[in-house]
Each structure stands twice: as C-alpha cells, then as structure tokens.
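Enquirer: Take this structure first; my questions come after.
The values are calculated or read from the model by the stated rules, or taken from the named source; none is laboratory data. This is a predicted model, so every value here is computed, not measured. Here the Cβ positions follow ideal geometry from the backbone for every residue, glycine too, while neighbour counts run over all protein chains shown. Heads up: the accessible areas ignore ligands, DNA and RNA and are worked out on the full protein's heavy atoms, side chains in. Shrake-Rupley method; radii C 1.70, N 1.55, O 1.52, S 1.80 Å.
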Amino acid sequence: MADNARAKRLADLIREVVAQKLQRGVKDPRLGSHVTITDTRVTGDLREATVFYTVYGDDETRAEAAAGLESAKGVLRSEVGRAAGVKFTPTLTFVADALPETARTIEDLLDQARASDARVREASSGARYAGDADPYRKPAEDDEDGATGE
C-alpha cells in the first residue's frame, strides 16, 4: 500500500494532466471550455482515481459533458499513464462536483436570513425595554430596603 503523500502527488498530477488534455487534446465538442476539474482523489493502493468536475451551463450541457468525459476516459487514462510513469495506471471515474449547487443553496439561505433579520430590525425599531434598562440591584438599594450586609 502506498503512503498518503504519494497518493496526493499522483492525485495532483492526474488533475493537471486531465485538465490540460481536456483543454488542448480532446476534440470532443461536448467538452469544450465548459468543464472544470475541481478535485481528484486516489485510493491508497493507487488503483482508482475519482476526478471531480463542474460544468458551466444548464442540465443538458451537464449531461453532454458527462457523456463526453465517459467517451474520452481511455484517452485521458493513457495520457495519465504516460505522464505518471507508474506501474499501474489508475482507472478514472468522473463525478460531477456538487459544490456549485451547494454554494447556491447556502447563498439562498443567507439571503433568507438577511431578510428575516431586516424584518426583526424593522419590528424592533420603536421597541422599549419591558422593565428598567438595568434590572440588577445595586448595593445602595439594599441599604434602603433595610437589609444589612452582615
């Protein structure tokens, strides 16, 4: 089993090689400049690599890019093997990265929180305290009540 540093170096190399090959070497019009490689993970035995990608566009463009990546898998694996120089070239699995959708969901939730905060701020603009501004007793008040400290 390989160490984690070697797997990390191989993952970084795979990410760079696949991105460069997609940009310059693959002539598939389904891929074009829409695909961005975001991350790569390699198993501990260096046999399998998962390549995460995002696609700029609608659902149809994403489906076309997934099909294009699946068809270019052999060419990309050959290029990785040539660049890596390892005994066994890892198999490539392409997974659509959920990062953009997650970021969009978080932004929507933050917008809802800002709107809720604005409504609360508006409702509390003319509000006053229910009691005194300082509800705590002071030592001088204890003496007036007739209580002794000792």
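Enquirer: Do the conditions hold for Pro90, that is, is it within 26 Å of the chain's Cα centre (by Cα), at pLDDT below 85, surrounded by 10 or more Cβ atoms within 10 Å (Cβ to Cβ) and of a type outside the set (A, V, I, L, M, F, W, C)?
Expert: No.
Enquirer: Here is a further query. With the structure loaded, tell me whether Arg119 is within 24 Å of the chain's Cα centre (by Cα) and open to solvent by 50 Å² or more (accessible area, probe 1.4 Å) or whether it fails that test.
Expert: No, not satisfied.
Enquirer: Considering each of Gly57, Gly32 in turn, give the residue that is over 16 Å from Ala84 (Cα atoms), surrounded by fewer than 17 Cβ atoms within 10 Å (Cβ to Cβ) and modelled with pLDDT under 85.
Expert: Gly57
Enquirer: Still on this structure, please answer the following. Residue check: is Glu107 touching a Pro at 6+ places or on another chain (Cβ under 7 Å), open to solvent by 90 Å² or more (accessible area, probe 1.4 Å) and free of Cβ contacts under 8 Å to residues at least 60 places away in the same chain?
Expert: no
Enquirer: Just give me the residues in segment 1-17 being at pLDDT below 90 and either open to solvent by less than 30 Å² (accessible area, probe 1.4 Å) or part of a helix (DSSP H, G or I) (or both), in sequence order.
Expert: Hits for segment 1-17 are Ala2, Asn4, Ala5, Arg6, Ala7.
Enquirer: Restricting attention to segment 93-104, and to residues there that are hydrophobic (A, V, I, L, M, F, W, C) and open to solvent by 60 Å² or more (accessible area, probe 1.4 Å), which single residue is nearest to the chain's Cα centre (by Cα)?
Expert: Leu99
Enquirer: Shifting gears a bit: Quick one: which of Leu46, Leu69, Leu76 is more than 16 Å from Gln23 (Cα to Cα) and either surrounded by 13 or more Cβ atoms within 10 Å (Cβ to Cβ) or without any contact (Cβ under 8 Å) to a residue 40 or more places away in the chain (or both)?
Expert: When all the criteria are applied, what remains is Leu46.
Enquirer: Then there is this: So Arg82 fits all but one of (1) more than 27 Å from Thr54 (Cα to Cα); (2) open to solvent by 90 Å² or more (accessible area, probe 1.4 Å); (3) modelled with pLDDT of 85 or more; (4) more than 24 Å from the chain's Cα centre (by Cα); what number is the exception?
Expert: Looking at each condition in turn, Arg82 falls short on (1).
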